[in-house]
Amino acid sequence: MMSGEATVPGDAAVPVTAPGEATEAPPRPASGLALMASELTVLYRRRRTWAMLAALAAIPILIAIAVRLRPTAAGSGRGPQFLNQITDNGLFVAVTALLVSIPLFLPLTIGVVAGDTISGEASHGTLKYLLVAPAGRVRLLVVKYVGTAVFCVTATLTVVIAGAIIGAVLFPIGPVTLLSGDTIAVGDSLVRLLLIAGFVTVSLLGLSAIGLFISTLTDVPVGAMAATIVLSIASQVLDTLPQLDWLHPWLFSHYWFGFADLLRQPISWTSFGDNALLQAGYFAVFGALAYGRFITKDVLS
Amino acid sequence: MTATRPSAELAIETLGLTKRFGAHAAVDGIDLAVPRGAIFGFLGPNGSGKTTTIRMMLGLASATSGDIRMLGRDMPRDLHQVLPRIGALVEGPAFYPFLSGAANLHRLDTADRFAPASTRRARVNVALERVGLTHAAGKKVRAYSLGMKQRLGIANALLTPRELLVLDEPTNGLDPQGTREVRRLVRSLAEEGTTVFVSSHLLAEVEQMCTHAAVMSAGSLVAQGTLEDLRHVGEARVSVRTPDAVIARGLLANLGLALDFSGPEAQSPDPEADEVVSASLVDRGMAPEAIVAALVTGGVRVRGFTMEDASLEDRFVALTGEGFDIAQ
Ligand SMILES: Nc1ncnc2c1ncn2[C@@H]1O[C@H](COP(=O)(O)OP(=O)(O)OP(=O)(O)O)[C@@H](O)[C@H]1O
Ligand SMILES: [Mg+2]
């Protein structure tokens, strides 16, 4: 799309002077990383982003405090998996908090960010100015998707790191007994925690692509956010209906809780690979749909 | 109206440009020709298709049919080469309310791959200064007034040196001071060689600032040319002050002028009192002295005679229709 024979007014050293008729040899266009950096700056300068991250960080903190106040209730066998292990090892706060966040809180924040990508710019009216700059429609889509992916990493890490810290503060930290019965050292278990965070991040990439696509369909960001979040819930509901078991492996939420394999010795990568493949498929399909939609879209906002 | 020029001298050229929204043609086969170096006023009442045309010129909306050439290149095919050379304000300014004015300009500048990062801060500051926003640069846009946002929008169009500025109603929401400054800014940019294409529904603004103009009405281009051309096309107004109003009316009618109204046939009570007879001159070939001569020969005591070109406003109203209702 970018050809090398661009002509732009030269002499960049003299700012804001109108050029004459001269169209000199074009300067080389910049890599375009500036827009990526700017996108992340804008994302992380928003109070909304920090509010969502704060809410995510609050989840492990609440869990840890609750368990700390009534440690006996954690052993009752009810509640999320790993809850009863928190009192023995604070690192399980992070794992438990992730499990609690996966069905709703993480998709909620991803839905907000992904649904806002294009429709948010459209509703501010800044979309037309980005395109006239020109940002390039494809480049803008790529930048928006990468921005959402970076947010997925941030969101997951927020839960894990907040969980590990509060766990270390309120509970003892020690070697971890894996699901396979093996015991690994603290350093090793921190690596496992990061692997789980990676797994959850990858799990959210398909949803991000869906959100990006929906965001190209409307100029109303709240609509795109809501639609993305509703889809994430619908997918999980469908995944629980045995009548639709043929459909289950194709649902983007199918492997969302599949990170237990990472808590065995040796690590089984099967579910990680299956999940990554499925998410890549969703990325390809919804990325292509977003491209097809956005490249021809009339920007009238 | 405009002589056909070689395309290289045209900053903007459209051929049969059409945009339909459903069955309704918002822009209906317009042929614009904007010469380089011109300050080109794009006039039209609300809903006449100005913004829609501008969106198509900038590649924001696709044309239903027709061709666009901007700065000698096809749009939207060469969009990536053409747009860096164009600064634009499209239907009002738009910014991130949670960022400061300077941060907003910084953000939009990063979207232009040809805008050098090394001079970004300096260029943002110069652009802000040019529109008089230096003191509000650090303020969140949420706290800007309408006029301040409008100025920031113009600053955004000036971030890099441009060959062409496309400004959609740039003085919308500005105070008289701001309006005057925008006019001055546009003129100084034009002196530096930038072509300026500015849409407006305010005729006075176009008259004061532009060298060329085109008039849109309900999606069609009804006139185009230099301001001089536009003033001289169409009719002139003649008024005669005389006590012999009845004879004067008859003579003027015989000469082919269209009388404003056919007055009373009866003599006014005082035969010596002056009356003003006015008519419009449809045939521009007739010289004013010839009319006076004919009146005098016919025995009319001519005590005053004026002939004026129709004001551009009359032309504008004549071209776009008188009614207040939006044409569909
Ligand atoms: N998104 C849209 N969908 C349908 N019709 C539209 C759309 N945008 C504009 N129109 C129609 O196109 C016509 C021209 O609109 P446009 O915005 O170009 O007018 P304008 O000359 O810029 O008016 P104004 O002076 O009010 O800014 C109007 O009749 C309007 O109703
Ligand atoms: Mg408009």
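Below are the figures for this structure:
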quantity	calculated
Some residue of the range B:60-82 being within 16 Å of ligand 2 (Cβ to nearest atom), touching an Asp or Glu at 6+ places or on another chain (Cβ under 7 Å), assigned to a helix (DSSP H, G or I) and closer than 23 Å to B:A157 by Cβ	no
Flag for B:N172 being open to solvent by 10 Å² or more (accessible area, probe 1.4 Å) and in a helix (DSSP H, G or I)	no
Which listed residue is assigned by TED's automatic domain parsing to the domain that holds B:L167, farther than 30 Å from A:R46 by Cα, more than 16 Å from ligand 1 (Cβ to nearest atom) and not small (G, A, S), from B:R107, B:R69, B:R113	B:R69
Some residue of the range B:25-32 being closer than 20 Å to B:L158 by Cα and either assigned by TED's automatic domain parsing to the domain that holds B:S188 or within 16 Å of ligand 1 (Cβ to nearest atom) (or both)	no
B:T110 being within 8 Å of chain A (Cβ to nearest Cβ), free of Cβ contacts under 8 Å to residues at least 12 places away in the same chain and closer than 24 Å to B:G193 by Cα	no
Subset tally (residues that are more than 7 Å from chain A (Cβ to nearest Cβ) and closer than 21 Å to A:V143 by Cβ) for the range B:69-83	1
Residue check for A:V146: open to solvent by 10 Å² or more (accessible area, probe 1.4 Å), closer than 16 Å to A:A37 by Cα, within 14 Å of chain B (Cβ to nearest Cβ) and in a helix (DSSP H, G or I)	no
Selection count where residues are within 19 Å of B:R85 (Cα to Cα) and among the basic types (K, R), scope the range B:172-223	1
Selection status of B:G44, more than 14 Å from chain A (Cβ to nearest Cβ) and either under 14 Å from B:D168 (Cβ atoms) or within 16 Å of ligand 1 (Cβ to nearest atom) (or both)	yes
Which listed residue, of B:I86, B:I39, B:I54, is touching a helix residue (DSSP H, G or I) at 6+ places or on another chain (Cβ under 9 Å), more than 9 Å from chain A (Cβ to nearest Cβ) and crowded, with 19+ Cβ neighbours inside 10 Å	B:I39
Given (1) part of a helix (DSSP H, G or I); (2) within 16 Å of ligand 2 (Cβ to nearest atom); (3) crowded, with 24+ Cβ neighbours inside 10 Å, index of the condition B:S48 fails	(1)
Every pair of residues 6+ apart whose Cβ atoms lie under 8 Å, when the first sits in the range B:19-35 and is within 14 Å of chain A (Cβ to nearest Cβ) while the second is among the aliphatic types (A, V, I, L, M) and near ligand 1 (Cβ under 8 Å from one of its atoms)	B:K19/B:A26; B:K19/B:V27; B:R20/B:A26
Selected residue (only one of A:R47, A:R28 is modelled with pLDDT of 70 or more and open to solvent by 60 Å² or more (accessible area, probe 1.4 Å))	A:R47
Residue count for the range B:190-208, restricted to those that are open to solvent by 10 Å² or more (accessible area, probe 1.4 Å) and not acidic (D, E)	7
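Residue-wise test of (1) outside any strand (DSSP E or B); (2) surrounded by 24 or more Cβ atoms within 10 Å (Cβ to Cβ); (3) within 11 Å of chain A (Cβ to nearest Cβ); (4) within 25 Å of the chain's Cα centre (by Cα).
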{"position": "B:P93", "(1), (2), (3), (4)": "yes, yes, yes, yes"}
{"position": "B:A115", "(1), (2), (3), (4)": "yes, no, yes, no"}
{"position": "B:N125", "(1), (2), (3), (4)": "yes, no, yes, no"}
{"position": "B:M148", "(1), (2), (3), (4)": "yes, no, no, yes"}
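The values are calculated or read from the model by the stated rules, or taken from the named source; none is laboratory data. Keep in mind that what you see is a predicted model, and the values were worked out from it rather than measured. Using ideal geometry, Cβ is built from the backbone for each residue, glycine included, and neighbour counts are taken over all protein chains shown. Accessible surface areas use protein heavy atoms only, side chains included; no ligands, DNA or RNA. Shrake-Rupley method; radii C 1.70, N 1.55, O 1.52, S 1.80 Å.
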